[in-house]
Each structure stands twice: as structure tokens, then as C-alpha cells.
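S.K.: Structure below; questions to follow.
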Amino acid sequence: MQAPGSETQPVIVTRALRLSYGPHEALHGIDLTVRRGLITGLIGPSGCGKSTLLRCFNRINERYDNVTTSGEVMIHARNIYDPDVDLIELRKSVGMVFQRPNPLPISVRDNVLYGFRLHTASKQRNRETEGCELESALRAVQLWDDLKDRLGERATHLQLEQQQKLCIARLLPLKPSVILMDEPCSTLDPNATEAVEELMRTLAGPYTIVVVTHNMAQARRISDECVFMLLGEIVEHRRTEDIFIAPHDKRTADYIEGRFG
Amino acid sequence: MNAALPFSTTDVTRTNRRRESIVRALLGIVTALLVLPLLAILALLVKHGAPALTLDFLLSSPAAGMTAGGIFPAIVGTLWLVGVSLAIAAPIGVLAAIYLNEYAGDHWGTRIVNLAIVNLAGVPSIVHALFGVGAFVLFLHLGTSILSASLTLAIMTLPVIIASTKEALAAVPMSFRQACWVLGASRWQTIRYVVLPNSIQGILTGVILQVSRAAGETAPVMFTGAAFYLPFLPQSVNDQCMALSMHLFTLSTQVPGVPEALPYATALVLVGLVMSVNLTSILLRSYLRSRRRW
Ligand SMILES: Nc1ncnc2c1ncn2[C@@H]1O[C@H](COP(=O)(O)OP(=O)(O)OP(=O)(O)O)[C@@H](O)[C@H]1O
Ligand SMILES: [Mg+2]
């Protein structure tokens, strides 16, 4: 395994990261560097630990019982597993989007402002600041024009594509630097997938994106760097063009060409 | 036998199909039979009790050594008992369920608590009654009073309220909670803004169903706070009171010379009360479900 050229600074660096669910070890010592402003794709067969690794970066693995983690995950040069790391601050800074869009069963407006309201003192909130946050978040995910007249509508009634974009939008008022996405398009149809991929490309840069995908073509289309995982380990991590055109490891080549997985 | 045509019935499928229809009929009949006892009870109560069921019966006190008059003090007493016991059991039960479902992890401590709750739910009501006498009437010196009786009823209904509330909380989709986690919501913020609003209908129905149970129980109130006969209405939780269930027991077994219609009419009122509470809970549930948000 070889890290790709270091044009930009690292945002996430893991060292000897191990994670077990009870007695079962799912990650066996992960060393990974994720660079600022890029889209990093995580690929690999089912059960290889992609989601588990992703959930280490905002520590929501810990909401499941019986999880033990060891090793380091440095984000912005701070080990997020330090005992005095504030999980709430961590989660504001490292947002996450799930496979199935999961807007809350409240209005579009309340969804987008949900996190903002949780973390902003009521003195500093008024119609104006909320209006600003709402509009800029929806504009950033290209939903403003579609939804500006439907802000009171229940978010669970939107189309899936809009729901997924909304789930991205509600992270933005918290000013995250990293956005984690776990197969964000796997419940969407091809047109919606294309729209969300395009959105991801526009978000990359200001935001650092780590995306899990099962879809090789998608990984190739959207990611700058690609990480191939197998059985809880990283096999290969290089620039996306390189890994798809000339994989170094035979297992990577076999997987990419569909010989297993 | 015609083996040549595709898709024609064979002997085996014929037998299977016959068995299928027998089983289906059997299950259907058994289910239908369940309605019979309820209908029979209602018919009996209406037949014997309806003649005595007048407005005056509902609004006057028993008279002539319980052989005449009405059941007003018993109705009032039952409302007191149910109201006070609910005011105790509902908040405690709901808060405990929130803790168990949202905060406590799965370890031996919570397993013991859960086991205790399940077993407490299975304790016979007469045992609750004895416990109530020992703990509230005697040990805490609350005397035979509405308070003692309500506390006893509260202990009895608490485990079921906890169980039904936990179920309602657990039914809130995991994805809603995940949405909160990734936005940095604290547990309480998650509960306050997402879990409770989306489970309140289930919590309420569970609580309301315990109202009807508390209204119908006799043993737990008999030794702890309900009186045979009181000429006045209770003024505070330290007074004794009459209760419909207890009154029914008294009329049917303890007093000679009661006209037959009186206990039947009392029973009709009690059953009517319980059924209307249950009906309210069903209506509430379907109303809230129609506005359910996911
Ligand atoms: N909450 C959990 N409790 C116990 N074991 C788990 C849990 N989540 C995942 N695992 C196990 O950890 C391993 C890695 O799972 P993970 O979900 O991270 O894989 P994945 O690469 O995301 O798979 P998929 O492509 O199917 O989403 C698997 O063996 C899985 O069974
Ligand atoms: Mg996964």
C-alpha cells in the first residue's frame, strides 16, 4: 500500500485503528490519510468494514453497544479519541449522510434548521439569521429554487433525491469541515444519483468528503482518491485514475473487474 | 389420472388444499367464539340492570341499608382512586421507561430491572393488596385512605405502563435517532424533539388502558382505602372513599335483601365506564395515527 502524492494537507489521519464489536474484530489496524477538499471513495465487498471505518470518524459507532476502539484518529491534528474531546463539537464538525435519506418528520424548514437551533443560543437566533442559514444551506444543495415555496411542507413527503439533498443541507449550518457519506445514492434512481453526484462535486473543495460506495462506476466518476478495503484492512489507496487503470495489488484488480464481491 | 397436462391438480396438492381450508375454518371459528362471552355478559347486565339504571341511581347515595338508593359516592370514589393512582404511576412509569429505553445500555443491572418489571406485572392483585396494607397503611402510617389505595393501584399498574411506554419508544425509527446523533444532538434533545413527539400516541394509549384496569380492581382497594359505605364524599386524599368495584362486591355478597337490579345496574355502570375509557383510547390512537408523521 502506498499513499498518493501529497498535494494537499491531510484532514483525517488514522494510525493503527482497530475496532471490535464484542469479540469480533472488524477493523484490523487501519492507517489512512484523507486529504483536504478531496472526495475519497471507500470501496470493497460487503462486510469489509467500510461503514465501520466511516463511523469511526464521527464516533457514532459508540452508540452501538459493545464497541471497543484502539489506535488514533487525528482530525485537524487532534486525536478524536482523546478523553476530553467533546463529541457534540466533533459531530458538528464531521457531518454524516446515510444510505436511506432520513429527514425528520417535520417541515423542510425545521429540518434544515434543526441542528442550527440545537447549537445556537436562542438570543442569537431570529427570523433573519434563520432565514439566512436556511437559504444558504438550500442554495448550496441546489434545492432553493425547487423548495423555496414549499418550506412548510413535511420533508418526508419530498422525492427521495430532494430528501437526500436535504439531509446534506441540514449539516451545512453547523459549518462542518468533513462530510461522511455511506452509500448516499444506493436508494436513488439513476437521474437522482447523477444529481447527487453532481452536488458532491460542487461541495468538494470547501468540504472534505469521504464516501462509501458499492458502485465501481460511481467511485470512478466522483472520487479523487480511492481506498480499497478487504476483510477489515486497507489493501490499496491511490489516486482514482491510477487505482482503476493500473491497480498494484492483484486483489484490487480482481475486485474492480468483478471477479469477486 | 391425467399426467399429461401441465399445471393440473395432483392428489398431494388436493390434500394440502383440503387441510388448508380446515385449519382456516377452525381458526376463524375459535376467533369468532371470543366475542360471545363479551356479548353474553353485556346482554345479561343490560337485561337485569337496565330497569334500575336511572339518573337518580347515578346521582344519589345508597339508602335503606344499601337496599335502595344510588351509587353516586362510589362513582366519585372510583374517579378519585383512578385519578390519584394515575397521577402517581404515569409520570414515574414514563420517566422510568425513557431511562430504560434511551439511556441505560444492555447490562446486568438493566436486565435485573427489566426482569423485576416483568415479574411485578405478574403479581396477583391480592398480593398487591397485602403489600399495600403493610407498606402504606401500616408502615407509612397513611391509614386506610385514598392515598394508600391509589399508591397500591399505582404499584400494580406501573410495570404495565413502563412496558407499554418502552414499546412505544422503541417503535420510533432508528433513522430518526441517527439523524439527531450526526447533528450533535444530546440524548435529551433527541428525546425531547424527536423521540417523544413521535411516540406520544403509543404512550398515551398504554397509560389510558391502565385507567380501565385500575377502575375495575377490587382487592387492592378493599383493604387500603375503599369503604363499605360512607355517607359523605371524600374531601382529600387522606379520606376513605367508596368504589364501584368494591360496592358491587358488597351488594352482591355482603348485604342481605338487595333487589337484584341494583348489583346488575352497578356492574353495568362499571363495565360502561371501563369500555368508554377503552374506546377513548382506541379513538385517540386512530386520531393520532392519522396525523402520524412518517
Ligand atoms: N453494529 C454491529 N454490531 C456487530 N457487528 C457489526 C455491526 N456493524 C457491523 N458489524 C460487523 O462488522 C463487519 C464490517 O461491517 P460493515 O457494516 O462496516 O461493512 P461494510 O463494508 O459497510 O458492508 P456493506 O457494504 O454491506 O455495507 C461485518 O462483519 C459486520 O458483520
Ligand atoms: Mg456499509
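The values are calculated or read from the model by the stated rules, or taken from the named source; none is laboratory data. Since this is a predicted model, take the numbers as computed values, not measurements. Cβ: placed from backbone, ideal geometry, glycine included. Neighbour counts: every protein chain shown. These accessible areas exclude ligands, DNA and RNA; they are computed on the full protein's heavy atoms, side chains included. Shrake-Rupley method; radii C 1.70, N 1.55, O 1.52, S 1.80 Å.
S.K.: Mind ordering A:248-254, B:110-116 by average Cβ neighbours within 10 Å, highest first? It would help to have the intermediate numbers written out before the result.
M.R.: Details: A:248-254: 15.1, B:110-116: 12.6.
Packing proxy ranking, top to bottom: A:248-254, B:110-116.
S.K.: Given R₀ = 22 Å, what would the calculated FRET efficiency be for B:Leu120 paired with B:Arg213, taking r from the Cβ atoms and rounding to 0.05?
M.R.: On the way: r = 14 Å, r/R0 = 0.64.
According to the calculation, E is roughly 0.95.
S.K.: Do any residues of segment B:245-294 lose at least 30 Å² of accessible area when the full set of protein chains is present rather than just their chain alone, and if so which, with a 1.4 Å probe?
M.R.: B:Arg293
S.K.: What is the distance, in nm, between label points placed 7 Å from the Cα along the Cα-to-Cβ direction at A:Lys250 and at B:Thr10?
M.R.: The modelled label-to-label distance comes out at 4.8 nm.
S.K.: Now a separate question. Only loop residues by DSSP count here, and only those with at most 13 other Cβ atoms within 10 Å; note down the chymotrypsin sites (Phe, Trp or Tyr not before Pro) in segment B:129-213 that meet that.
M.R.: Numbers: sites: B:Phe131, B:Phe136, B:Phe139, B:Phe176, B:Trp181, B:Trp188, B:Tyr193; in loops: none.
Qualifying residues, ordered by number: none.
S.K.: Here is a follow-up. HN-Hα J couplings of segment B:97-105 from phi, Karplus 6.51/-1.76/1.60, θ = phi - 60°, integer Hz, Gly and Pro as x?
M.R.: Those phi angles translate into 5, 4, 4, 4, 7, 9, 9, 5, x Hz.
S.K.: Sticking with this structure for a sec: Report the GluC sites (Glu not before Pro) located in segment A:1-88 that are in a DSSP loop and have at most 15 other Cβ atoms inside 10 Å of their Cβ, or state none.
M.R.: On the way: sites: A:Glu7, A:Glu25, A:Glu62, A:Glu72; in loops: A:Glu7.
Filter output for segment A:1-88: A:Glu7.
S.K.: Sequence-distant or interchain residues sharing an amide H contact under 5 Å with A:Val235, placed H: which?
M.R.: When sequence neighbours closer than 5 places are left aside, the close amide H contacts are A:Phe228, A:Met229, A:Leu230.
S.K.: While we're on this one: Stretch B:Ala63-B:Leu39 to full length: gain in nm at 0.36 nm per residue minus the Cα-Cα span?
M.R.: Details: separation 24, 0.36 × 24 = 8.64 nm, distance 3.17 nm.
Gain on extension, B:Ala63 to B:Leu39, equals 5.5 nm.
S.K.: Sorted by accessible area (1.4 Å probe), largest first, how do B:Leu196, B:Leu38, A:Leu172 line up?
M.R.: Values: B:Leu196 40, B:Leu38 90, A:Leu172 15 Å².
The residues order as B:Leu38, B:Leu196, A:Leu172, largest area first.
S.K.: Right, here's the next one. Within 10 Å of each Cβ in B:181-192, how many Cβ atoms from other chains are there, averaged over the peptide? If you can, show how the numbers build up before the last one.
M.R.: Numbers: counts 8, 19, 16, 16, 6, 3, 1, 0, 5, 1, 0, 0.
Whole-number average of other-chain Cβ neighbours for B:181-192 is 6.
S.K.: Using only atoms on other chains, find how many Cβ atoms lie within 10 Å of each Cβ of peptide A:104-111 and report the average.
M.R.: Working: counts 11, 9, 5, 0, 0, 0, 1, 1.
Partner Cβ neighbours, averaged per residue: 3.
S.K.: Once amide H atoms are placed 1.01 Å from N in the peptide plane, what residues at a sequence separation of 5 or more from A:Ile106, or on another chain, have their amide H within under 5 Å of its amide H?
M.R.: Close amide H contacts, sequence-distant or interchain: A:Ala155, A:Thr156.
S.K.: How much accessible area per residue does the protein assembly as shown have, counting only protein heavy atoms and a probe of 1.4 Å, in square angstrom?
M.R.: 49 Å²
S.K.: At a 10 angstrom cut-off on C-beta neighbours, averaged per residue, how do the peptides A:185-193, B:280-288 rank from highest to lowest?
M.R.: Ranked by mean Cβ neighbours within 10 Å, highest first: A:185-193, B:280-288.
S.K.: Please compute the average number of Cβ atoms from other chains found within 10 Å of each residue's Cβ in peptide A:77-90. Spell out each step's value before the answer.
M.R.: Details: counts 0, 0, 0, 0, 0, 0, 0, 0, 0, 1, 3, 5, 1, 1.
That works out to 1 on average.
S.K.: If amide H atoms are built 1.01 Å from N in the plane of the peptide, which residues on other chains or at least 5 residues away come under 5 Å of the amide H of A:Val11?
M.R.: A:Val34, A:Arg35, A:Arg36
S.K.: Also: If you take the accessible area of B alone plus A alone and subtract the pair, what total do you get in square angstrom, rounded to 100, with a 1.4 Å probe?
M.R.: Details: alone 16570 and 12420 Å², together 27010 Å².
Protein heavy atoms only, the B-A interface buries about 2000 Å².
S.K.: Hey, how many Å between the Cα centroid of segment B:142-158 and the Cα centroid of segment B:52-104?
M.R.: 11 Å
S.K.: Same structure again: Can you give the local net charge around A:Arg59? Use residues other than it whose beta-carbon is closer than 14 angstrom to its beta-carbon, Lys and Arg +1, Asp and Glu -1. Before the final figure, lay out the partial values.
M.R.: On the way: positive: A:Arg55, A:Arg63, A:Arg78, A:Arg91, A:Lys92; negative: A:Glu62, A:Glu72, A:Asp82, A:Asp84, A:Asp86, A:Glu89.
Computed value for this residue: -1.
S.K.: What FRET efficiency comes out for A:Asp189 versus A:Arg139 if R0 is 30 angstrom and r is the Cβ-Cβ distance? Round to the nearest 0.05.
M.R.: Numbers: r = 24 Å, r/R0 = 0.80.
After rounding, the FRET efficiency stands at 0.80.
S.K.: Where both partners of a DSSP beta bridge lie in the protein assembly as shown, what percent of those bridges are antiparallel, to the nearest 5? Each step should come with its number before you reach the end.
M.R.: On the way: 28 of 47 bridges.
Around 60 percent of the beta bridges assigned by DSSP in the protein assembly as shown are antiparallel ones.
S.K.: How high is the relative contact order of segment B:71-291, in percent, counting Cα pairs under 8 Å that sit 6 or more residues apart? Walk me through the numbers on the way to the answer.
M.R.: Details: 289 pairs, mean separation 66.9, N = 221.
Reported relative contact order: 30 percent.
S.K.: Then there is this: Carbon-plus-sulfur fraction of the accessible area of the protein assembly as shown, 1.4 Å probe, in percent? Can you show the working numbers first?
M.R.: Working: 16330 of 27010 Å².
Reported share for carbon and sulfur atoms: 60 percent.
S.K.: Between Rg and the Kirkwood Rh of chain A, both from Cα atoms, what is the Rg to Rh ratio? Each step should come with its number before you reach the end.
M.R.: Numbers: Rg = 18.5 Å, Rh = 19.0 Å.
With Rg and the Kirkwood Rh in hand, the quotient comes to 0.97.
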